[in-house]
Structure formats: C-alpha cells, structure tokens
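Reading through the structure tokens given below for one structure.
The values are calculated or read from the model by the stated rules, or taken from the named source; none is laboratory data. Predicted model only: the values in this text are computed from it and were never measured. Counting neighbours? That spans all protein chains shown, and the Cβs are built from the backbone with ideal geometry, glycine included.
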Amino acid sequence: MTATLEAIKITNLAAQAAADKLGENLVAIDVTSVTPLNDIYLWVSAKNERQVSAIADGIEEKLHESGIEARRREGKTTSRWILLDFGDLAVHVMHEEERLYYTHERLFGNCPTVKLEATK
C-alpha cells in the first residue's frame, strides 16, 4: 500500500506553507507500510522556538484554508518540537537541535520518500 493522492496533496500544501515560513530540511516519508495511523510523515527544521511556532501556525492556517483541520497538536508550549496530526499526514516541526538529536528519519530508512513539489 502507498500513500493516497489526497495525502500527497495535503503534504505538499503543508510543505509549501513551511517553506513560506523559512522551514528547512523538509523530508516527507510514506509510512503506510509501518503504521496504520498516518500515510505520510513530514519533518521540518527551524532555527529557534519562535520559528518552530510560526511554521506550525503557518501550516495549520494553510490547511485550514483548504478545509483541513488538525486533529491533534502537541508541543506548542515549549515550541521545540510541535507535532500536528492531520489524519493522513503527521507533521513534525522541530528545532534543528532536536531534529539532529532524535534523527527520526533513520527509523524509517526502508520507507519511500515522498517527492515534494518545488518550494521556495
């Protein structure tokens, strides 16, 4: 099984919103083979807590404009790592220090990446 076209579309909207807020090192992985909860995980890095928060807000606003609401959000209080769950898509907006420390992508090394459309 692979990610749905709708999940890929949502991922690209989120990625563009993250890039618009200067998110860095965007990586999207199709996780349908390892979890039934989401189709795609998207990771985004930021240089500081304020930027982590701004990127997460920008993603939520962009998806809200398309009629897509976050089911859950975690980490807004400290803004070092914010998780946004949109159902088919889970977005991890992480301070670059946390991203380097946890290196989540290595856990999904066997999963295919999702090609992101051109971002800034």
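If you take the residues in the range 39-50 that are more than 10 Å from the chain's Cα centre (by Cα) and crowded, with 21+ Cβ neighbours inside 10 Å, which one is farthest from GLU98 (Cα to Cα)? Here the answer is ASP39.
Which one is surrounded by the fewest Cβ atoms within 10 Å (Cβ to Cβ) among residues in the range 21-38 that are small (Gly, Ala, Ser) and in contact with a strand residue (DSSP E or B) (Cβ under 6 Å, 6 or more places away or on another chain)? Here the residue is ALA28. Counting only residues that are of a type outside the set (A, V, I, L, M, F, W, C) and either in a helix (DSSP H, G or I) or within 17 Å of LYS47 (Cα to Cα) (or both), the range 86-119 holds 12 of them. For the residues LEU37, LEU26, the requirement of being of a type in the set (A, V, I, L, M, F, W, C), touching a residue at least 24 places away in the same chain (Cβ under 8 Å) and touching a helix residue (DSSP H, G or I) at 6+ places or on another chain (Cβ under 7 Å) singles out LEU26.
For the range 3-19, the criterion of a residue being out of contact with any Pro (no Cβ under 6 Å at 6 or more places or on another chain), in a strand (DSSP E or B) and within 15 Å of LEU116 (Cβ to Cβ) is satisfied by no position.
Return the total of residues in the range 60-80 being farther than 23 Å from THR2 by Cβ and among the β-branched types (Val, Ile, Thr). Summing the residues that are farther than 23 Å from THR2 by Cβ and among the β-branched types (Val, Ile, Thr) in the range 60-80 gives 2. State whether one or more residues within the range 86-95 are over 25 Å from THR2 (Cα atoms), among the hydrophobic types (A, V, I, L, M, F, W, C), out of contact with any Pro (no Cβ under 6 Å at 6 or more places or on another chain) and crowded, with 17+ Cβ neighbours inside 10 Å. Scanning the range 86-95, I find at least one residue that is over 25 Å from THR2 (Cα atoms), among the hydrophobic types (A, V, I, L, M, F, W, C), out of contact with any Pro (no Cβ under 6 Å at 6 or more places or on another chain) and crowded, with 17+ Cβ neighbours inside 10 Å, so the answer is yes.
A single entry from LEU83, LEU42 fulfils the requirement of being outside any loop (DSSP other than H, G, I, E, B), under 15 Å from GLU6 (Cα atoms) and either without any contact (Cβ under 8 Å) to a residue 60 or more places away in the chain or in contact with a Ser or Thr (Cβ under 8 Å, 6 or more places away or on another chain) (or both): LEU42.
Being in a loop (DSSP other than H, G, I, E, B) and modelled with pLDDT of 95 or more is a condition met by at least one residue of the range 45-55. Among the residues of the range 62-80, those that are exposed (fewer than 15 other Cβ atoms within 10 Å of the Cβ) and in a loop (DSSP other than H, G, I, E, B) comprise SER66, GLY67, GLU69, ARG71, LYS76, THR77, THR78.
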